[in-house]
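> Let me give you the structure first, and then I'll get to my questions.
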Amino acid sequence: MSDTPKIKVTIDGQTIEVPNGTTILEAARMIGGELVPPAMCYYKPLAESGGKCRTCLVKVAAGSEKDPRPMPNLMPSCKTMVMDGMVVESSASSQVTEARNGVTEMLLINHPLDCPVCDQAGECKLQDLAFENGLQKTRYEEERREFEPTDIGPYIKLHMNRCIMCYRCVFTANQVTESREHGVLYRGDKAEIGTYIENSLENDFIGNVIDVCPVGALTDKTFRFKSRVWFTAQYDAHRDCDKCCGKVVLHKTADEIIRVSARKNEWDEVEEWICNTCRFDKKSNSDWKIDGVRNNKRKSVQSINKYPLSMPSKNEVLDK
Ligand code: SF4
Ligand code: FES
């Protein structure tokens, strides 16, 4: 990597040198801060991801040093490579903000207002996006697409109403597990995630689709409705596992492990995939060695709640 020629790109006035072949989104992540575009479908650990949701649009104000003409349309930053001397406008551009607001409104057209009962609330990327870029109320008057929640196997519940068609779960099943039993059926506004013939998703690493899903479309049946995520105390923990790295996050209320998930980085991407055994079957304290309280780097309500080491009592909650 050190031999790779570096090229210069300027994003919202900040210049950085990045290796040739870097996307605008990855260059923005190297700078960090408010200028990093939101990404609902791109997922660095998954090859081919990105280019589906358009939340990461940016304005290319100058294409390169050699050809400084602006690009005529806003570009998806997760799929557009930087060129030497490129100038990009992200959060600083009102045109980009307007486009992201429009994309957010589109993504919410069929999305139910489920947050009060959705297990993903508090870690949902669409909730964050709506908070940053959403309208206060919907302008949509047509009938919404509606599906019944489906059990897709012993561990995973599919709420198709909430799906934004990011394809991350499909790429995860293709690239992380031994076989893929689900996919995108039909096309256009009829497209849906499904197993076609009532199939169940059971292979060893399929639980990872829950972690990559940016919304609450795929949820962990062993955790559903047990707690709001911000009430759980989170710990890094590990065990010797013969199938995966065995490094996880334990979500606890009082001394009970109510959920096991993979560890995620500051971009909300899984650091190492974990197997179903660690995720769904190991819920005893004796199964795990605790490494410490989770230092959550990503932006979420969980970074704000300071990780109580145990659940507050009812009286403590009422006192606040
Ligand atoms: S179920 Fe979740 S991960 Fe799969 S396509 Fe829908 S939103 Fe994306
Ligand atoms: S994150 Fe770039 S198009 Fe979805």
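The values are calculated or read from the model by the stated rules, or taken from the named source; none is laboratory data. This one's a predicted model, so the numbers in the text were calculated from it and none came from an experiment. Don't worry about glycine lacking a Cβ; one is built from the backbone with ideal geometry, like all the others, and counts go over all protein chains shown.
> Inspect the stretch 271-284 for any residue being at pLDDT below 95, under 29 Å from L126 (Cα atoms) and either of a type in the set (S, T, N, Q) or not in a helix (DSSP H, G or I) (or both) and give the result as yes or no.
no
> When you look at G50, is it at pLDDT 95 or above, within 22 Å of D128 (Cα to Cα) and of a type outside the set (S, T, N, Q), yes or no?
yes
> What number of residues within the stretch 14-40 are more than 14 Å from ligand 2 (Cβ to nearest atom), of a type in the set (G, A, S) and in contact with a strand residue (DSSP E or B) (Cβ under 9 Å, 6 or more places away or on another chain)?
2
> Ok, one more. Considering every residue within the stretch 1-9, establish whether at least one is touching a Leu at 6+ places or on another chain (Cβ under 7 Å) and either surrounded by 15 or more Cβ atoms within 10 Å (Cβ to Cβ) or not charged (D, E, K, R) (or both).
Taking every residue of the stretch 1-9 in turn, none turns out to be touching a Leu at 6+ places or on another chain (Cβ under 7 Å) and either surrounded by 15 or more Cβ atoms within 10 Å (Cβ to Cβ) or not charged (D, E, K, R) (or both).
> Among the candidates G207, G188, G183, which residue alone is under 18 Å from the mean Cα position of the chain (by Cα), of a type outside the set (A, V, I, L, M, F, W, C) and within 28 Å of E148 (Cα to Cα)?
G207
> Take T97 and decide whether it is surrounded by fewer than 17 Cβ atoms within 10 Å (Cβ to Cβ) and either within 15 Å of ligand 2 (Cβ to nearest atom) or within 30 Å of N161 (Cβ to Cβ) (or both).
The answer is yes for T97.
> Next up: Across the stretch 275-292, what is the total count of residues that are under 22 Å from the mean Cα position of the chain (by Cα) and among the β-branched types (V, I, T)?
Counting residues in the stretch 275-292 that are under 22 Å from the mean Cα position of the chain (by Cα) and among the β-branched types (V, I, T) gives 0.
> So which of V60, V96 ends up being among the hydrophobic types (A, V, I, L, M, F, W, C), in a strand (DSSP E or B) and at pLDDT 95 or above?
Residue meeting the stated conditions: V60.
> A follow-up question, please. For the stretch 191-230, give me each residue that is outside any loop (DSSP other than H, G, I, E, B), closer than 19 Å to K264 by Cβ and away from ligand 2 (no atom under 16 Å from the Cβ).
Hits for the stretch 191-230 are N208, V209, I210, D211, L218, T219, D220, V229, W230.
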